[in-house]
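Coordinate-derived values only; no laboratory data. Model, not experiment: these values are computed from the prediction. No Cβ is skipped: glycine too gets one built from the backbone with ideal geometry, and neighbour counts run over all protein chains shown.
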């Protein structure tokens, strides 16, 4: 009886999270500014409610009962996921959850106008109290899980990983990347870009063509515009977003391809488990693995670009003189350059952006770095890793990402774990189906979609990350395939 | 302490309702079809949760305690509203609420494609089980409130009104309207309509111009498209919708003006009480009173039309030859015609549509009319009241409205109570400020907005309907000002 009660409870929680997902998407895409305060309050209240449903003392008892029950394999995995969530949530007091949610909503919303204004001083009075709350949360979570506060934050996104395991992986990248970066920058040289303007409406059409060929199911999802692109909604109704720059359609197009990778994962989670923790995506690194596989392995390949090139010519050809071919496009999308903005960074320099954030987050959460000193610390690491100065340029420095203004700490490492995941999965998919690249040149992603559905997407959280990668590829996650991929593409 | 606990509880419920409002708006405007089933399930689950928070046995105890406490006038009114909600909700068992919510979502969603297909046979298997659930709800509610089941449904929307009180008012209309209808139809004769097409984007621009001049606050709301226009969202973020017919912009424009009336009410509810029942709008009839005041008293007046006419010429003039003047427009918007569709009916025949539904609902809820016999009963009353046949034409007959497919019964009378409210409020506003019509001809609605804010909107649910109308106009709601208005405009 314990398991049944848990399943009912988590179905209820899933329904609340469904509405919160819709409201979150709405906030980013549709909501007028004046709605922010009351939306923030409502989200905070409902967040507390969901929190109370998990932390209800009965849940602990039901978990103990369920452990003694005769469960199927999927039910057992579900119980494992439920217990993990329960341990996380019971570690943080409700009033702290509520206060943090309110502060996140306020700070995150203000950031949308303060970032373009480069207004660090205006941001600080909202950001400092948020960080104070995030530190309290990390402390409480660490106490509950019996680990270091920042390890506890990482565990929310990457169960099984720690600061030291990540630092070890990142050490390999810090060692190998500088050589690849220098070589790739040199090799990149000058490219000739197609000249805009590229009207937003046409960019949207082209994005939707790409989405369709990548398998996106428009009966269960849509594409919209937001300040910071994301994949939201729910598995049966996946909402991806992009933003358009009328001078450069490629960034938005590749962003759409990226989010489509996330979306395909969500749209193919196991139908009968969607309302339970075991039916959710396996974690942030694996999620990012899907989006980066779509973006970097597929979207940046000469094969898929040779399919897209005539579509681009159809869409923009009349307004832009350009040699619409894979030969012209591939050097553009694979151009490597040391730059300020993580989200538009190439796959070679990207890990350096992540390592910077990872190292700063360790200091911010431990308290060894004060909030007001972040810009200076940022600038110093940016100089060291990419040779760029961000002095006084907050909008392209520490205010560039949505994550910190929304209080999301411990999440950045997942981007690079995701890049490693993408390389490792794609390597194995090619081993199983060497014809995949040729199919991509015809705009046919069905073989790849099928392989990913069978080996990753349909598994939800049935396996742990280590199990999933081992079953799918024969080995645990490693940086080797990612570094091999970079060397083969850029050296 | 009882009152404080109640206020906290209802704040929490308000937050859930906030997210449900957003999800409801999204469902009608944004959601792809494939998302309907899981959305319906989530809404049902969360609806049950909100229901449980009201029906929690503690709430009854807190109410009794609060009655003995020293409360302010607003708190006392809040307690009255809380008790009323509590009585309604405790009368209906949770499982019935959940089953009804699922059936409403399914039937309501299917209706969107079945109505255009005129598919009554496809609709019936979804509609019959819904009605069965609605009857059970009405029975349970009637038992709880100690009244007839249909009276109980009416009480949800119009506290204080009953079948017999409404039938008495409607009897006056049934007596007086036929003469006015015949005279108005005769007087209407042929009008020359502006020729389309009127592009949707331009219609939207014109609608937004009208909204702005009617005081709509775009920092706290927006305009979108849905199959059936409505006013949703929350007071700080009011979402109104319309639909566009490229051959006829006037219907959509007047619809937008109508929903703007609803929106102004929501946007001006008392700030400090928004999260409590006393801070909500006074009821459906009063709400409809605001929208009909905006649509019929303002939007259809020669004064406001003389302001809008040049805006229309600016918007459509180049593509349409027409004498853009109040003289040409007034006979169009005030044209009276016996027609099938309630939502596009003129203000003179509209009450006959409502009376038809009111009389059928009485029979449907009592069970004296079987669901499958509704089309025949509809046709017979339509013949009697407006001389029109709807045989085999379900889409223009009993399938025309969203209300029944979504299980909303007891609501239709509010439309005509609203028309009476609009006439009575506007009559008094003109008495206080005879210069209002002249201001309208300049597109200036500030005097009217101020009068309504002070006398109606800012009161929320502080007063009962009778009290509100008496304080605002010196008399309880009556059909006299409405009939006077129709006689003065049409005879």
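For B:353, B:51, A:228, what's the fewest-to-most ordering of other Cβ within 10 Å of each Cβ?
A:228, B:51, B:353
Can you give the log10 of the normalised intensity I(q)/I(0) at q = 0.19 Å⁻¹, computed with Debye over equal Cα scatterers of the stretch B:2-157?
-1.24
Nearest 10 degrees is fine. How inclined is helix A:350-366 to the longest principal axis of chain A, computing both from alpha carbons?
30 degrees
Mind checking the mean number of beta-carbon atoms from other chains within 10 Å of the Cβ atoms in B:232-238?
For this peptide, the per-residue mean of nearby foreign Cβ atoms is 5.
For each of A:322, A:482, count neighbouring Cβ atoms within 10 Å of the residue's Cβ, then give the residues from fewest to most.
The order, fewest Cβ neighbours first, is A:322, A:482.
I'm checking a number: the convex hull volume of the Cα atoms of the stretch A:142-196, normalised per residue, in Å³. What is it?
133 Å³
Going by average Cβ density within 10 Å per residue, which order do the peptides A:3-13, A:234-244 take, highest to lowest?
Output ranking for A:3-13, A:234-244: A:234-244, A:3-13.
Roughly how tilted is helix A:249-267, in degrees to the nearest 10 and between 0 and 90, from the longest Cα axis of chain A?
That works out to roughly 40 degrees.
Please compute, for peptide A:271-280, the average count of beta-carbon atoms on other protein chains lying within 10 Å of each residue's beta-carbon.
1
Expressed as an acute angle from 0 to 90° and rounded to the nearest 10, what is the orientation of the C-alpha long axis of helix A:36-55 relative to the principal long axis of chain A?
It works out to around 50 degrees.
Checking a compactness column here: for the protein assembly as shown, what do you get for Rg(Cα) / (2.2 N^0.38 Å), N being the number of residues?
Against the compact-globule rule of thumb, the ratio is 1.02.
222 nm [θ] for the protein assembly as shown, helices only, -39500 (n - 2.57) per DSSP H run of 4+, per residue, to 500?
Taking each H run of at least 4 residues, the total per residue is -20500 deg cm²/dmol.
May I ask you to give the average projected area over all directions of the convex hull of the Cα atoms of the stretch A:249-302, in nm² rounded to one decimal?
4.0 nm²
How would B:231, A:147 line up from fewest to most surrounding beta-carbon atoms within 10 angstrom?
Exposure proxy ranking, most exposed first: A:147, B:231.
Can you give the FRET efficiency for residue B:313 and residue B:4, using 1/(1 + (r/R0)^6), R0 = 45 Å, r = Cβ-Cβ distance, to the nearest 0.05?
The calculated FRET efficiency here is 0.20.
Across the residues of A:42-53, average count of Cβ atoms on other protein chains within 10 Å?
Partner-chain Cβ atoms within 10 Å, mean over residues of A:42-53: 4.
For the stretch B:134-274, take the convex hull of the Cα atoms, compute a quarter of its surface area, and give me that in nm², please.
Computed as one quarter of the Cα hull surface, the answer is 12.6 nm².
Arrange the peptides A:189-197, B:214-222 so that the one whose residues have, on average, the most other Cβ atoms within 10 Å appears first.
B:214-222, A:189-197
Measuring from a point 7 Å out along Cα→Cβ, what nm distances, shortest first, does residue A:447 have to its partners in the other copies?
Inter-copy label distances (nm, one decimal, shortest first): 7.7.
To the nearest µm²/s, what D does Stokes-Einstein give for the stretch B:360-491 at 37 °C and 0.692 mPa s, using the Kirkwood radius over alpha carbon pairs as Rh?
Reported coefficient: 184 µm²/s.
How long is chain A along each principal axis, judged by its Cα atoms, biggest number first, in Å?
66, 52, 45
Mean projection of the alpha-carbon convex hull of the stretch B:51-114 over all orientations, in nm²?
Its Cα hull, projected and averaged over all orientations, spans 5.6 nm².
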